[in-house]
Amino acid sequence: MNSRQIIRSVLTFRNPPRIGMALPQPYPNDIAWYSRKKANEETELPPHEGQKKRWRDAWGSVWASLTDYDKGEVVEGAITNWSQLDWYQAPDLGRPEDYAQAATQIATEKEKYRLGGIPGFTFNVARYIRKLEYYLCDLLSERGNILRLHGIVRNQLLRAIDCWADAGADAIMFPEDWGTQDRLMVSPGLWREVFKPEFAALCGRAHQHGMDVWMHSCGKMTDIIEDLIECGVNCLQFDQPRLHGIDNLAQRFAGRVTFWCPVDIQKTLQTRDPALIEQEAAELVEKLGGRGGGFIAGYYWGNEAIGLTSDIQDIACKAFVKNGTYREGSS
């Protein structure tokens, strides 16, 4: 099997010859990542005191970063007053020319599984446009305006999904952090009322095109994993699998959704203990994947951001390869 076939078998639990892997060289990497060409969409702004960088994104929100390596956070939403919604203009995510370069690259990539990136589902984009603290309050106090904003965002995301299908991607991938360190960011009931229909619509469009849906999410959003599976999410990328409980993930969801994880970046990698890191890598392979499929070994690409050097994650990479490569006749 080539990498693309292995990932397909991992996602469908059809006994791949090994786990999926998304690791740096010299280790295996089964995944090719593509992004929409975004020419001149960000505007650099003068940083304020204490800021390293400040800029306005394509949706009109102002961001700032404090270091050279953090991704920044929104400091001013594009919509500061709901009256602005009447003339708000979202960027056009449905321009085929913006996907042309990726389409050419996808057409020549015959070995790897091809992921096309979108900026999030509805929440991840809308929360930046309004700014998170206001957005969360408005979910209760300005529901009508929130739903109007969601409609604007959803329409652009649907256009992006259509374009990735035309470009030949195997799946879409998006980031949407839904958890704090101990719970879902909103109540499960509110999530199901407001956001589950958004997931169903966007996942449904991807599946109509024959594409899979991959989602990154940080924090403990365990309460909605069942809902995400029902909506059609095929792969969940977690950097903190211990936050959910590895046994809990295995008992409730293994064999129903694929997990893509590094060794836990907050608990286990931080120990810098080779024995503990190797043990967790083996545990993730065995409990979340195993011979049937359902697990992709991951790597956290921001070592500096989590205070680690690459040699620590190298321990995990070696353990993933050792435990995730099955030999004929092995159990």
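The values are calculated or read from the model by the stated rules, or taken from the named source; none is laboratory data. None of these values were measured; they are calculated from a predicted model. No Cβ is skipped: glycine too gets one built from the backbone with ideal geometry, and neighbour counts run over all protein chains shown.
Report yes if residue 120 is out of contact with any Gly (no Cβ under 9 Å at 6 or more places or on another chain) and part of a loop (DSSP other than H, G, I, E, B), otherwise no. Quick ask: steps written out before the conclusion?
Values: out of contact with any Gly (no Cβ under 9 Å at 6 or more places or on another chain): yes; part of a loop (DSSP other than H, G, I, E, B): yes.
So residue 120 passes the test.
Mind listing whichever residues of the stretch 126-141 are under 14 Å from residue 85 (Cβ atoms) and in contact with a Phe, Trp or Tyr (Cβ under 6 Å, 6 or more places away or on another chain)?
Listed by number, the list holds a single entry, 129.
Among (1) over 30 Å from residue 156 (Cβ atoms); (2) touching a strand residue (DSSP E or B) at 6+ places or on another chain (Cβ under 7 Å), where does residue 246 come up short?
Every condition holds for residue 246 apart from (2).
What tally of residues in the stretch 276-304 results from selecting those that are among the basic types (Lys, Arg) and either within 17 Å of residue 253 (Cβ to Cβ) or modelled with pLDDT of 95 or more (or both)?
Here is the first cut: in the stretch 276-304, the ones among the basic types (Lys, Arg) are 287, 291.
Add one more test, that the residue is either within 17 Å of residue 253 (Cβ to Cβ) or modelled with pLDDT of 95 or more (or both), and what stays is 287.
The total comes to 1.
Are there any pairs with C-beta distances below 9 angstrom linking a residue in the stretch 288-315 that is without any contact (Cβ under 8 Å) to a residue 24 or more places away in the chain to a residue that is of a type in the set (Ser, Thr, Tyr) and part of a loop (DSSP other than H, G, I, E, B), with the two at least 6 apart or on different chains, and if so which?
Short answer, once both residue conditions are applied: 303/309; 314/27.
Conditions tested, residue by residue: (1) surrounded by fewer than 18 Cβ atoms within 10 Å (Cβ to Cβ); (2) over 21 Å from the mean Cα position of the chain (by Cα); (3) touching a residue at least 12 places away in the same chain (Cβ under 8 Å); (4) under 16 Å from residue 117 (Cβ atoms).
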{"residue": "11", "(1), (2), (3), (4)": "no, no, yes, no"}
{"residue": "37", "(1), (2), (3), (4)": "yes, no, yes, yes"}
{"residue": "40", "(1), (2), (3), (4)": "yes, yes, no, no"}
{"residue": "56", "(1), (2), (3), (4)": "yes, yes, yes, no"}
{"residue": "101", "(1), (2), (3), (4)": "yes, yes, yes, yes"}
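What number of residues in the stretch 120-133 are without any contact (Cβ under 8 Å) to a residue 60 or more places away in the chain and buried (at least 18 other Cβ atoms within 10 Å of the Cβ)?
From the stretch 120-133, those without any contact (Cβ under 8 Å) to a residue 60 or more places away in the chain are 120, 124, 126-127, 130, 132-133; that's our starting set.
From the residues that got through so far, the ones that are buried (at least 18 other Cβ atoms within 10 Å of the Cβ) too are 120, 124, 126-127, 130.
Of the residues in that region, 5 qualify.
What are the residues in the stretch 58-74 that are loosely packed, with under 14 Cβ neighbours inside 10 Å and either free of Cβ contacts under 8 Å to residues at least 60 places away in the same chain or over 22 Å from the mean Cα position of the chain (by Cα) (or both), if any? Working first, answer last.
Residues of the stretch 58-74 loosely packed, with under 14 Cβ neighbours inside 10 Å: 66-69, 71, 73.
Of everything in the stretch 58-74, those that are loosely packed, with under 14 Cβ neighbours inside 10 Å and either free of Cβ contacts under 8 Å to residues at least 60 places away in the same chain or over 22 Å from the mean Cα position of the chain (by Cα) (or both) turn out to be 66, 67, 68, 71, 73.
Determine if the stretch 157-164 includes at least one residue that is farther than 21 Å from residue 90 by Cα and not hydrophobic (A, V, I, L, M, F, W, C). I'd like the intermediate steps shown before the answer.
Start the filter on the stretch 157-164 by keeping residues that are farther than 21 Å from residue 90 by Cα, which leaves none.
No, every residue in the stretch 157-164 fails to be farther than 21 Å from residue 90 by Cα and not hydrophobic (A, V, I, L, M, F, W, C).
In the stretch 147-184, what count of residues is obtained for those that are part of a loop (DSSP other than H, G, I, E, B) and either surrounded by 18 or more Cβ atoms within 10 Å (Cβ to Cβ) or touching a strand residue (DSSP E or B) at 6+ places or on another chain (Cβ under 9 Å) (or both)?
At the first step, the residues of the stretch 147-184 found to be part of a loop (DSSP other than H, G, I, E, B) are 168-170, 176-178, 180-183.
So of that shortlist, the ones also either surrounded by 18 or more Cβ atoms within 10 Å (Cβ to Cβ) or touching a strand residue (DSSP E or B) at 6+ places or on another chain (Cβ under 9 Å) (or both) come out as 168-170, 176-178.
The total comes to 6.
Filter the stretch 46-65 for residues that are out of contact with any Ser or Thr (no Cβ under 6 Å at 6 or more places or on another chain) and of a type outside the set (A, V, I, L, M, F, W, C) and give the result.
46, 47, 48, 49, 50, 51, 54, 57, 60, 61, 65
Take residue 89 and tell me if it is out of contact with any helix residue (DSSP H, G or I) (no Cβ under 6 Å at 6 or more places or on another chain) and surrounded by 12 or more Cβ atoms within 10 Å (Cβ to Cβ).
Working: out of contact with any helix residue (DSSP H, G or I) (no Cβ under 6 Å at 6 or more places or on another chain): yes; surrounded by 12 or more Cβ atoms within 10 Å (Cβ to Cβ): no.
In short, no.
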